[in-house]
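Chemist: Supplied in structure tokens, the structure appears directly below.
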Amino acid sequence: MTLTSDQVIERWVPQFKKGLLEFIILLKLQDGLIYGYEMAVEIKRITSIELAEGTLYPLLNRLKRDGLVDAEWQTEETGPPRKYYQITAKGAETLEKMKEYWTKTHISVLQMVDPS
């Protein structure tokens, strides 16, 4: 059975998003300290990408393990302590390389989308 174009898109979009999430998270972290839930809300507001906890926190943990992100618990005056994330120097260096790659790729793809 052949897939419809809508079915192909339904399968493609999650893969597309998955490939962008690390880049998007590092872009958000360049603005400064932010806790996970707030990051997910901001990313959704800016990009319309919904980041489930089961996706966000494993990604943050991997970025932390790779030395691109640091995390620290902070106690709030009200409510439970929150884990705040920030980009490291290595993360900022990596983000700059990602931005260069993104820009080159974005320009190339746009030329393919609209060759005129």
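Chemist: Can you give the extra length, in nm with one decimal, that the chain gains between ILE49 and GLN86 once fully stretched, where that is 0.36 nm per residue apart less the Cα-Cα distance?
Modeler: Additional length available on full extension: 11.3 nm.
Chemist: Once you have the Cα-Cα distance between THR103 and THR4, take 0.36 nm times their residue separation minus that, and quote the gain in nm to one decimal.
Modeler: Stretched out fully, the THR103 to THR4 stretch lengthens by 32.5 nm.
Chemist: Given the options ALA40, PRO58, THR105, identify the residue whose Cα lies farthest towards the positive end of the charge dipole of the stretch 10-113 (+1 on Cβ of Lys, Arg; -1 on Cβ of Asp, Glu).
Modeler: Sorting the options by dipole projection puts first THR105.
Chemist: On a straight-distance basis, which aspartates and glutamates could pair with LYS64 in a cross-link, Cα separation under 15 angstrom, same-chain partners fewer than 8 positions away excluded?
Modeler: Within the straight-line cut-off, LYS64 pairs with GLU22, GLU72, GLU93.
Chemist: Let me ask another. Using alpha-carbon pairs under 8 Å, 6+ residues apart, how would you state the relative contact order of the chain in percent?
Modeler: 24 percent.
Chemist: For the chain, give the magnitude of the charge dipole about the Cα centre (Cβ charges: +1 Lys/Arg, -1 Asp/Glu; no others), in debye to the nearest 20.
Modeler: 320
Chemist: What residues qualify as long-range amide H neighbours of THR88, i.e. H under 5 Å apart, gap of 5 or more or another chain, H built at 1.01 Å from N?
Modeler: Sorted by chain and number, the residues that satisfy this are VAL69, ASP70.
Chemist: Another one. If neighbour count is taken as other Cβ atoms inside 10 Å, put TYR37, TYR85 in order from fewest to most.
Modeler: Taking fewest neighbouring Cβ atoms as first place, the list is TYR37, TYR85.
Rule-based calculations on the coordinates, nothing more; no lab input. This is a predicted model, so every value here is computed, not measured. FYI the Cβ positions are ideal-geometry reconstructions off the backbone, even for glycines, and counts take in every protein chain you see.
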